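Just below is one structure, and these are the notes that go with it.
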Amino acid sequence: MVLTLYKYDLSPPVRSVLMVIEHLELPVEYVDVNFMKGEHLTNEFKKINPQHTVPTLKDDDFILGDSHAISVYLINKYAKDDSLYPSDPKLRAIVDQRLHFDSGILFPAIKNGFAQVVFKGGKKMTDDAIEKITSAYEFTDQFATKTWLAGEQFTIADICCVTTISSLNEIYPIDAQKYPHLYAWLKRCSELDLYKKKNYPGNKELGDVFRSKLG
Ligand SMILES: N[C@@H](CCC(=O)N[C@@H](CS)C(=O)NCC(=O)O)C(=O)O
């Protein structure tokens, strides 16, 4: 097998896949596609992924986009056990719900808030963008009452949501009084080596870029 990941570390979904790859100890070749400079819009990359998003995975001649689909695929194909993506139907269903929550609620909140300031020249985020972020925090706080997001086991629910939540925290810091479970869960995740190695650097870069554009 030859695994290639098209990536750019500032991207939260890219960092989720980097964490999964690290956890599974997979050998992967990396190709940087800097979407901040428009490199994802070349015909060459669009031929690989017509949706021109990172992360995109190539496993020999099999190509797959979307961090959640990629994470599940890598685990199904290469993991030695089911710890990251439990096979028990109910546990798996909770993990799946968190993954869809990341796609449907968390990621749009970061994409919108970040783009308003970094790509659209806004000097600060609009009230509407902030409302979407605080609503995302409220929901996640209620999902985070146990040790990990899907219960007592660390899973890809934690990996996929923490890259997005930590990015949101960079652009709109989490209030520990209002969201104590969310705050404690993010702290717990940020103490993991996996997080320090694969999420922290790109996450900091995202925050630095955002802060440099604020009015
Ligand atoms: N749901 C996708 C979102 C991927 C995504 O939108 N990635 C952004 C970078 S954070 C991107 O490549 N944007 C370029 C574009 O949409 O053209 C995932 O989880 O992988």
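The values are calculated or read from the model by the stated rules, or taken from the named source; none is laboratory data. The structure displayed is predicted, hence computed values, not measured ones. FYI the Cβ positions are ideal-geometry reconstructions off the backbone, even for glycines, and counts take in every protein chain you see. Ligands, DNA and RNA are excluded from the accessible area calculation, which covers all protein heavy atoms including side chains. Shrake-Rupley method; radii C 1.70, N 1.55, O 1.52, S 1.80 Å.
Just checking, does region 106-121 include any residue being touching a strand residue (DSSP E or B) at 6+ places or on another chain (Cβ under 8 Å), closer than 17 Å to Val20 by Cβ and open to solvent by less than 70 Å² (accessible area, probe 1.4 Å)?
no
Sort out which residues of region 37-68 are exposed (fewer than 14 other Cβ atoms within 10 Å of the Cβ) and either outside any strand (DSSP E or B) or among the acidic types (Asp, Glu) (or both), and write them in order of number.
Those that are exposed (fewer than 14 other Cβ atoms within 10 Å of the Cβ) and either outside any strand (DSSP E or B) or among the acidic types (Asp, Glu) (or both): Lys37, Gly38, Leu41, Thr42, Asn43, Glu44, Lys46, Lys47, Pro50, Gln51, Asp60, Asp61.
Could you please find all residues in region 74-105 being touching a Leu at 6+ places or on another chain (Cβ under 6 Å) and open to solvent by 40 Å² or more (accessible area, probe 1.4 Å)?
Within region 74-105, Tyr78 is the sole residue that qualifies.
Which members of region 25-47 meet the condition of being within 28 Å of Thr155 (Cα to Cα) and more than 10 Å from the ligand (Cβ to nearest atom)?
Glu25, Leu26, Pro27, Val28, Glu29, Tyr30, Val31, Asp32, listed by residue number.
Within region 48-66, is there a residue that is in contact (Cβ under 8 Å) with a residue 24 or more places away in the chain, more than 8 Å from the ligand (Cβ to nearest atom) and out of contact with any strand residue (DSSP E or B) (no Cβ under 8 Å at 6 or more places or on another chain)?
Looking for residues that are in contact (Cβ under 8 Å) with a residue 24 or more places away in the chain, more than 8 Å from the ligand (Cβ to nearest atom) and out of contact with any strand residue (DSSP E or B) (no Cβ under 8 Å at 6 or more places or on another chain), one finds at least one in region 48-66, hence yes.
Of all residues being in a helix (DSSP H, G or I) and charged (D, E, K, R) in region 69-92, which is farthest from the chain's Cα centre (by Cα)? Just the residue, please.
In this case the residue turns out to be Lys90.
Pairs under 8 Å by beta carbon, first residue over 18 Å from His52 (Cβ atoms) and acidic (Asp, Glu) in region 9-37, partner modelled with pLDDT under 95 and outside any strand (DSSP E or B), six or more apart or different chains?
Glu29/Val2
Matching residues to (1) part of a loop (DSSP other than H, G, I, E, B); (2) under 24 Å from Ile94 (Cα atoms):
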| position | (1), (2) |
| --- | --- |
| Phe154 | yes, yes |
| Ala157 | no, yes |
| Cys161 | no, yes |
| Ser167 | no, yes |
| Pro173 | yes, no |
| Leu182 | no, yes |
| Cys189 | no, yes |
| Lys197 | no, no |
| Val209 | no, no |
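Taking the condition among the hydrophobic types (A, V, I, L, M, F, W, C), assigned by TED's automatic domain parsing to the domain that holds Ala150, within 10 Å of the ligand (Cβ to nearest atom) and assigned to a helix (DSSP H, G or I), does Phe107 pass?
When the stated conditions are applied, Phe107 passes them.
For Glu22, state whether it is part of a helix (DSSP H, G or I), outside the structural domain of Thr164 (by TED's automatic domain parsing) and more than 19 Å from the chain's Cα centre (by Cα).
Considered against the rule, which asks whether it is part of a helix (DSSP H, G or I), outside the structural domain of Thr164 (by TED's automatic domain parsing) and more than 19 Å from the chain's Cα centre (by Cα), Glu22 comes out as no.
With the structure loaded, tell me whether Phe114 is without any contact (Cβ under 8 Å) to a residue 40 or more places away in the chain and either aromatic (Phe, Trp, Tyr) or assigned by TED's automatic domain parsing to the domain that holds Ala69 (or both) or whether it fails that test.
Spelling it out, it is not the case that Phe114 is without any contact (Cβ under 8 Å) to a residue 40 or more places away in the chain and either aromatic (Phe, Trp, Tyr) or assigned by TED's automatic domain parsing to the domain that holds Ala69 (or both).
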